[in-house]
1. So what is the 222 nm mean residue ellipticity for chain A from helices alone, if each DSSP H run of at least 4 adds -39500 (n - 2.57) and you divide by all residues, rounding to the nearest 500 deg cm²/dmol?
2. Rounded if a/c is under 1.5, else prolate if a/b is larger than b/c, else oblate: which is the stretch B:74-210, with a ≥ b ≥ c the root eigenvalues of its Cα gyration tensor?
3. Suppose every K and R has +1 on its Cβ and every D and E has -1 on its Cβ; what is the size of the dipole of chain B about the Cα centre, in Debye to the nearest 20?
4. Please report the spacing between the Cα centers of the stretch A:56-101 and the stretch B:1-73 in Å, no decimals.
5. In what sequence do B:Cys129, B:Cys192 fall when counting other Cβ within 10 Å, fewest first?
6. Can you give the relative contact order of chain B as a percent, counting alpha carbon pairs under 8 Å and 6+ residues apart?
7. Through the Karplus equation 6.51 cos²θ - 1.76 cosθ + 1.60, θ set to phi - 60°, convert the phi angles of the stretch B:20-27 into ³J(HN,Hα) values in whole Hz; use x for Gly and Pro.
8. Does anything in the stretch B:238-280 have its amide N under 16 Å from the 7 Å Cα→Cβ label point of B:Phe291, and if so which residues?
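Nothing in this text is a laboratory measurement; each read-out follows from the coordinates by a stated rule. Please read these numbers as outputs of a predicted model, since none were measured by experiment. FYI the Cβ positions are ideal-geometry reconstructions off the backbone, even for glycines, and counts take in every protein chain you see.
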Amino acid sequence: MLQILIYGAVSSAIYAMLAVGFTLIFGVARILNLAHGSFYALGAYAAYVLTSLFKVPLFLAAPLAVLLVAGFGVVMERFLVRPLRSSQLAVLMITLAVSLAVEQALFITFGSEYRNVPSFVADKLSIGGVDISGQRLLALVAGVLVLLTLWLFIQRTRLGAAILAVSQDPEAAQYMGIPTNRIFSIVMAISAGTAALAGVLVSPFLTVQPTMGLLPMVKAFAIVIVGGLGSIPGSIIASLILGYSETIVAYLISSSWTELVSLVAVVVTLMIRPSGILGRRAAF
Amino acid sequence: MRSISGIDIAGGIVVITILALAPMLAASNYLTGVLTVCAIYGIWASSWDFMSGLTGRENFGHSLFIGAGAYTAGFLATIWSTNPWLSLPMAVGIAIAFSLLVGFPTLRLRGPYFALAMLSASAILQRLCLIFWEYTGGEEGLYGLDPLIKNPLHYYWFVLGVLAITVVILTLLAQSHWGLLLRAIRGDEATCQAAGINVTFYKIASLMISAGFAGLGGALYAHYQLQVSPPLFSVVVSITVIIMVYVGGIGSIYGAAIAAILLTLLTEMLRGFGEYRLWIYTLTLMLILFFLPNGLIAPLWRRLTERLR
């Protein structure tokens, strides 16, 4: 029982980090970023390259990896997505193209074999009789901290208020003197950074390989649809629901069936409440 | 969309004749095989174009229908070992069933739900193929399908015939009252609804047609390769098809089919580049997105024939 509680919390935290960035960039810039999974994969690979090839100590490599990927996200938004923003299809195509290009680039440079990243914390902890690796616990703590910081940032700072304003009405925000394009860049950096951080944090205990970004991205879609496109609290609630139901399914039936959970969740949500748990805009 | 004129029909006959005679250039099974794959991609691309090109609802998981059709053929051949010809109608049926499964919950909605749901569904089905490897053969897939027609050249002609019929049927549908409604939905869904058109019905029906042809192509592919494997469901297959339609000119159907043939030939020529192949593909897509937003084949044909009509 306690095992479900802890492992469910860990996967919920990782899903939440992925989904929040995805929903944020959609909510603010209306960009449906199909390259979101590649940020996650790039984060893991950046951590691998920095620690294994350049021998950078891990506590330094992690923030560096996050910054690099955030920079990549900003460049992608500025030069590839922004010129095509008038057409939704073109944005979908270009971000999908980027994600394929990243996957292929990783495949060509690193090959398809699994890579290992050293753990941040090697110790195992025991909570109430349940053994859990320190790395998983770190992922949980870091996830909660990142989400809290993000929430405070958006609710309490001037920049956060500007982001909220743009998400509500980009045109009116522009008239008020908010530089919308710069806001898009900042949001893209945050979005790419949190996805990369999730990748860095899971890299020691999950497999690092070129196609690792696809499935988490599919999960992020599912969470965002369940929680409501563009709603951050919605996606956090949906992350908890999905993280826990997957853990319960894995525990009670078999881990093979977990992939079905997100599909069922999406279908049920779209049938019963298409706008998601906390979606503001009606979807139909 | 302008109506078909004599010049279009003449052009179509010339293209089909060239394609039918192309294997005579070199008496090699290799060329015939490549051309067969070209024609199958043509079926996939034109079927994608019919639904997504006309209604503007981007289907990012066409490989779901392709894989469903191919695996239907695979299961029929390896488990029940039925007459191989039975797999074609069965593949169409199963693909249509999948289209209903995804289409019903998502096509009622506006927004990107359909695109996301299709992408996720195809990715998850690929995973399921690997997870339930006892039944699906896992990574290796299913082997030992029987060819529909033993002679590869005759099979190529058969597939080319299917492609021609597919393009003709889809073009006629697109030209009809039906196609007009689909394009009206792309233009303004709310107005269509206000005019009393059952928008959801038309979207789902067009997805069913699109899925049926994709499944047919999948079964043809399975009986060409004589095996099926999980990469058929992959996002790469879907995106390859979308790129072909983009190059052909969205909403033109014949453009999609011709672009599919040309691009498949191109990738075959690029085989020397090995793993860089997909890179070149992705690069083509980016260039076309930036410089030719209307595609290449259909606008070119329109410009060529403008004087002649």
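1. It comes out at -23500 deg cm²/dmol, rounded to the nearest 500.
2. The shape class here is oblate.
3. Charge dipole of chain B: 740 debye, to the nearest 20.
4. The stretch A:56-101 and the stretch B:1-73 have Cα centres separated by 34 Å.
5. B:Cys192, B:Cys129
6. So the answer I get is 34 percent.
7. 5, 8, 3, x, 6, 4, 9, 7
8. Residues B:247-248, B:280 fall inside that zone.
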